[in-house]
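Participant: Below is the structure I would like to discuss, written out as structure tokens.
The values are calculated or read from the model by the stated rules, or taken from the named source; none is laboratory data. Since the model is a prediction, treat every value here as computed from it, not as a measurement. Backbone-built Cβ (ideal geometry, glycine too); neighbour counts: all protein chains shown. Heavy atoms of the whole protein, side chains included, go into the accessibility calculation; ligands, DNA and RNA do not. Shrake-Rupley method; radii C 1.70, N 1.55, O 1.52, S 1.80 Å.
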Amino acid sequence: MIHRDDKGRVSFGRFDYLIQGLIVLSLFAFAIETLPNLSTASRKLLRGFEVISVSVFTIEYILRLLLCRPRLSYAFSFFGLVDLIAILPFYLSTGIDLRSIRAFRLLRLFRLLKLARYSAAMQRFHRAFLIAKEELVLFGAVALIVLYLSAVGIYYFERDAQPE
């Protein structure tokens, strides 16, 4: 059931479909957790689902690490880093005061990027992104400069009218 493509990437066949479904369910559970009037029983159920899904994601990550050739090529690849970032918030939040790292829980949204591995269109988009990387970096830098200059301009023109 384990397949390698011509670049040495590992595919698990039907297990990949299970992972895709688990990613979607995990994102759905994450959205439900944000509801304000959620009962304690529902929160426990969602937490249990979180533990199970992160366990499966961790096993998948370890299997891919063990089966890739060369071993570290997956760990430092785009999808390897996405997989790590998708499970890391769970492990960071265990045993640590969550009030200080609550923002790290938003990194769970990186699980959405895990779906990109299973989509040919997303893989083509990734290749196109790599081709246009320099132009996108330049555009981002120019956009940040324009944003900064706009913010400074708004501050100087409006500071007397809105001192607070």
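Participant: How would segment 122-164 be classified by its alpha-carbon gyration tensor: rounded, prolate or oblate, with rounded meaning a/c under 1.5 and the a/b versus b/c comparison settling the rest?
Facilitator: prolate
Participant: Quote to one decimal, in nm, the extra length available between A151 and R43 on full extension: 0.36 nm per residue of separation minus the C-alpha distance between them.
Facilitator: Gain in length upon complete extension: 34.8 nm.
Participant: Roughly what would the spin-label model give for D160 and L66, points 7 Å off Cα along C-beta, in nm?
Facilitator: 7.1 nm
Participant: While we're on this one: Would you list R47, R69 from the most to the least accessible area, probe 1.4 Å?
Facilitator: R69, R47
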